[in-house]
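Notes to accompany the following structure.
The values are calculated or read from the model by the stated rules, or taken from the named source; none is laboratory data. Because the structure is predicted, anything quoted here is derived from the model rather than measured. Surface areas here come from the heavy atoms of the whole protein model, side chains and all, with no ligands, DNA or RNA. Shrake-Rupley method; radii C 1.70, N 1.55, O 1.52, S 1.80 Å.
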Amino acid sequence: MIDTITDTIKDSITEADAPMGIAVSPDGKKIYVTSYGTPNNTVSVIDAETHAVLAVIAVGEAPAHIIINRDGTRVYVMNEDSYWNFGTVSVIDTGDYAVIKTIEVGHCHEHAVVTPDGKIVYVVNSFSNSVSVIDAETNTVVNTIDVGSMPHGAALSID
């Protein structure tokens, strides 16, 4: 934890082994950290005030990037699985810290965004040159959009 006023380290949280991705809940109360690779393949949920680990959740292989929907009820974990295989997205319910669905997407997904209304998740698949469109209500891929070579990021416009 870095104090942004003094630019000094305030505290270190060592519970997450091989941390790769991090996301903070919209209310700022919880920190979600992916632990990349074997034997980890987990997401640690950390209380932002006390730094206590609230839960450790098993997810797919090689969890890297992580995002949270706007109301903080769902966490989406991009599991790279293996370099050449299709990846997956683990959907976590933040009410009970349970994986409610694992969704297959494209190769080497680098980034994802959730629409402001929380209805759609766009997952960027670098090696598949595509974007997977996930319906957040059914947690299914409803479309795959072919895009240019090696996409690595995504953003949503306000409208």
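Rolling a 1.4 Å probe across the protein heavy atoms gives the stretch 47-141 an accessible surface of 43 Å² per residue. Taking the 1.4 Å solvent-accessible surface of the stretch 26-105 as the whole, the part contributed by carbon and sulfur is 50%. Bridgeable aspartates and glutamates around LYS29 (alpha carbons under 14 Å apart, same-chain partners fewer than 8 residues away excluded): ASP47, GLU49, ASP71. Taking log10 I(q)/I(0) by the Debye sum over Cα atoms at q = 0.09, 0.11, 0.16, 0.20 Å⁻¹ as calculated from this structure, the corresponding entry among [x] -0.57, -0.76, -1.07, -1.30; [y] -0.35, -0.50, -0.97, -1.38; [z] -0.28, -0.42, -0.87, -1.27 is [z].
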